[in-house]
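The structure appears right after this line, and notes come after that.
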Amino acid sequence: MSLFKNIFNRLEAKTTYSDFKWNQLTDLGQLKEIMELSFEKPVLIFKHSTRCSISKMALNQFESDYDLKDKIELYYLDLIEYRLISNEVANVFGVVHQSPQILLIRDGKAIFNASHESIDALQLEKFIA
């Protein structure tokens, strides 16, 4: 593996998955699981473009501010690799696609969404009862 590729892969892995318990959203069938799980506890989907520096900054900021422990189930969607899933998320939850974007799912519905600089992990607390 080249030095550049090795460094890039390490940076991407650190940025994307850090110390978080992200569930990777890689299969359309997981959307049904997310909807079912959302009746037990809120589910957050973070739609991330691995080619976009704004998306990377939003993800880093979200991770540094997030402090809800196990109160929300976290899903990470690489929308470059899984574009079809990203499109289906927009369709199923009725939220226009943006990148980066978060969707908070409760009782099978998107109850909150934000994109770009509006992504704020601290706002999620008001949706946790």
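What follows draws every value from the coordinates through simple rules; no lab data is involved. None of the values given here were measured: they were computed from a predicted structure. Positions of Cβ are backbone-derived with ideal geometry, glycine not excepted, and every protein chain shown enters the neighbour counts.
Taking a ≥ b ≥ c as the square roots of the eigenvalues of the Cα gyration tensor of the range 55-129, is the shape rounded (a/c under 1.5), prolate (a/b larger than b/c) or oblate? The shape class here is oblate.
What percent does the relative contact order of the range 3-127 come to when contacts are Cα pairs within less than 8 Å and at least six residues apart? Relative contact order comes out at 32 percent. Potential lengthening of the chain between LEU28 and LEU122 amounts to 31.0 nm, from the contour at 0.36 nm per residue minus the alpha-carbon distance. For the range 32-40, 3J(HN,Hα) computed residue by residue from phi via the Karplus equation (6.51, -1.76, 1.60; θ = phi - 60°) reads 5, 4, 4, 4, 5, 4, 5, 7, 9 Hz, glycine and proline entered as x.
Evaluate E = 1/(1 + (r/R0)^6) for GLU88 and LYS41, where r is the Cβ-Cβ distance and R0 equals 22 Å; express this FRET efficiency to the nearest 0.05. E between GLU88 and LYS41, to the nearest 0.05, is 0.50. Inter-label distance, ASP70 to ASP107: 2.5 nm, where each label sits 7 Å from its Cα along the C-beta direction. Residue pairs exceeding 18 angstrom between C-alpha atoms, taken from LYS21/LYS47; LYS21/LYS69; LYS56/LYS109; LYS21/LYS109; LYS41/LYS69; LYS69/LYS109: LYS56/LYS109; LYS21/LYS109; LYS69/LYS109. In summary, the convex hull built on the alpha carbon positions of the range 3-127 has an orientation-averaged projected area of 7.2 nm².
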